[in-house]
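In what follows, a structure is listed as structure tokens, so that the remarks can point back to it.
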Amino acid sequence: MTNEEYMSVALEEAKKGIGFTNPNPMVGAVIVKDGKIISKDYHRRYGEFHAERNAVLKCTEDMTGAEIYVTLEPCCHYGKTPPCTQAIIDSGIKKVYIGSNDPNPLVAGKGAEILRSHGIEVETGILKEECDRLNRVFFHYITYKTPYVVMKYAMTADGKIASVTGKSKWISNEQSRCDVQYSRLRYAGIMAGVNTVLKDNPMLTCRLENGRNPVRIICDSQLKTPLNSNIVKTAKDVPTIIACLGTAENTKAYEQSGIKVIQTPSDNGHVDLKYLMKKLGEEQIDSILLEGGGELNFSALQSGIVNRIQAYISPKILGGKSAPSPVGGMGFDSPDSGVNLGSPEITYFGNDVLIEWEVIKCLQE
């Protein structure tokens, strides 16, 4: 096998940690000796051992002179677990292949340098693009200390998210809706507006077997979320945050239901989303799946908090001048002032098409 093939195995290991390592990165490690994989493992859960140490502990063969392939530069500091560099040094491994460099200031090249100072050969950049893509959430969070926000919506081929009567079940097919559940698993939080709560009374949970529910975040400027809604009734079981204006009253009723209330300054009468992102980052929420309606989606784009777009497109036409589209609000006044997107990534779910773009201009302070 080639270096790239071994790193591909490490990437597949890393993906097993999706949804359980936040706000840590997903990392996989593969130990190879004499052209044979003798151990492999991954970072399983936040606060537990990292991939390299797991692979070393799992190995039942002599690792002297072996090589290890790891998708992210090994850590070299004491955090919730001991440094992975020490586990590699103690193991007898003589060469380390690294996919991504770690932007964390506590690591950032120091891990590779420590290994080299102990006579261990280090080669970097193996499948770097693929390894970087896997941890785009971590890289954003460690850099800006705010959540990486993914705006997701399902629409028809003519750009409608519901009919003129407001009916939206179901625009996308079952395969697309199942994929959304994986996004709810992957991202730490899920955000919606109060209008979605009033209209649909959703649960906003992950329905995958053995999944993990995201933290629910409701933008509700004036605290109109009904106390008998599913969101409020299940708040003691599913972590829930309501963001409202500082002038909103009756916060105690929500707090008594198990909800954390975050009060923000006003942004034209609405929740200040940039302020909210800073507060959510402080709560170690590293990523958010935004399942908002048109108004919240436009506000999110306008405020510059959106990093990625997920558009599920169904082969249907609904028409209707008043039928809602994914992004409402006032709109941008010209093509030049709109939000620019990068190259599309396309996935098919039966007859549905998922198109994903990175937002080119994400305004961060």
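Mean separation of Cα pairs under 8 Å and 6 or more residues apart, divided by the residue count, gives the range 101-192 a relative contact order of 15 percent.
A Förster distance of 41 Å, applied to the separation of the beta-carbon atoms of Phe332 and Glu249, puts the FRET efficiency at 0.75.
Hydrodynamic radius of the chain by the Kirkwood approach over all distinct alpha-carbon pairs: 22.1 Å. Here's the picture: a label point sits 7 Å out from the Cα of Arg45 along the beta-carbon direction, and within the range 11-38 the residues with their amide nitrogen under 11 Å of it are 20-21. Dipole check for the range 250-305: with +1 at the C-beta of Lys and Arg, -1 at the C-beta of Asp and Glu, and the Cα centre as origin, the magnitude is about 140 Debye. Between Lys199 and Glu282, what is the FRET efficiency for a Förster distance of 45 Å, r being their Cβ-Cβ separation, to the nearest 0.05? Efficiency computed from Cβ-Cβ geometry: 0.90.
Val96 sits among other residues whose Cβ lies under 15 Å from its own Cβ, and their net charge, with Lys and Arg +1 and Asp and Glu -1, is 0. For Val215, the residues whose amide H sits under 5 Å from its own are Gly189, Ile190, ignoring neighbours fewer than 5 places away on the same chain, with H placed 1.01 Å from N.
With K and R counted +1 and D and E -1, the other residues having a Cβ less than 15 Å from that of Arg136 yield a net charge of -3.
Taking a ≥ b ≥ c as the square roots of the Cα gyration tensor eigenvalues, the range 182-268 comes out prolate, since a/c reaches at least 1.5 and a/b is larger than b/c. Between Thr81, Thr60, Gln310, the Cα set farthest toward the positive side of the dipole of the chain (charges on each charged residue's Cβ, about the Cα centre) is that of Gln310. Using a Gaussian network model of the chain in which every pair of alpha carbons under 10 angstrom is joined by a spring, one finds that among Pro83, Pro74, Pro105 the greatest mean-square fluctuation is at Pro105. The charge dipole of the range 81-189, taken about its Cα centre with unit charges on the Cβ atoms of Lys, Arg (+1), Asp and Glu (-1) only, comes to about 520 debye. Qualifying chymotrypsin sites (Phe, Trp or Tyr not before Pro) in the range 138-194, where qualification requires a DSSP coil assignment and no more than 13 other C-beta atoms within 10 Å, comprise Trp170.
Using Cβ point charges alone (K and R +1, D and E -1), the dipole size of the chain about the Cα centre works out to roughly 1100 debye. Across the range 190-297, C-alpha contacts under 8 Å between residues 6 or more apart give a mean separation that, scaled by the residue count, equals a relative contact order of 29 percent. Name the residue, out of Glu174, Glu295, Glu13, whose mean-square fluctuation peaks in a Gaussian network model built on the chain with Cα pairs under 10 Å. Top of the fluctuation ranking is Glu174.
Name the residue farthest towards the positive end of the dipole of the chain from the options Val180, Phe138, Pro23, assuming +1 on Cβ of Lys and Arg, -1 on Cβ of Asp and Glu, about the Cα centre. Final value for the positive-end residue is Val180. Spatially, the range 297-312 and the range 217-273 are offset by 21 Å when compared through their Cα centroids.
Look at the Cα gyration tensor of the range 1-141: its axes a ≥ b ≥ c give a/c under 1.5, and that counts as rounded. Summary value for the chain: 16 percent relative contact order, contacts being C-alpha pairs under 8 angstrom separated by 6+ residues.
Lys and Arg at +1, Asp and Glu at -1: add these up for the other residues within a Cβ distance under 11 Å of Ala235 and post the number. That sum, taken over residues with Cβ under 11 Å, equals +2.
Here the simple spin-label model places points 7 Å from the Cα toward Cβ, and for Lys260 and Ser163 these points are separated by 4.1 nm. Estimated from the Cβ-Cβ distance and a Förster radius of 35 angstrom, the FRET efficiency linking Arg212 and His118 is about 0.40. For the range 223-365, the square roots a ≥ b ≥ c of the C-alpha gyration tensor eigenvalues yield an a/c of 1.5 or more together with a/b exceeding b/c, which makes the shape prolate. Here the Karplus relation 6.51 cos²θ - 1.76 cosθ + 1.60, evaluated at θ = phi - 60°, turns the backbone of the range 301-309 into coupling constants of 5, 5, 7, x, 8, 7, 9, 8, 10 Hz, with x for every Gly and Pro. Expressed as a whole percent, the accessible surface of the chain that belongs to carbon and sulfur atoms is 49, based on a 1.4 Å probe.
The values are calculated or read from the model by the stated rules, or taken from the named source; none is laboratory data. This one's a predicted model, so the numbers in the text were calculated from it and none came from an experiment. Reconstructed Cβ throughout: ideal geometry from the backbone, glycine too, with neighbour counts over all protein chains shown. To get the accessible areas, we keep the full protein, side chains included, count just its heavy atoms, and leave off ligands, DNA and RNA. Shrake-Rupley method; radii C 1.70, N 1.55, O 1.52, S 1.80 Å.
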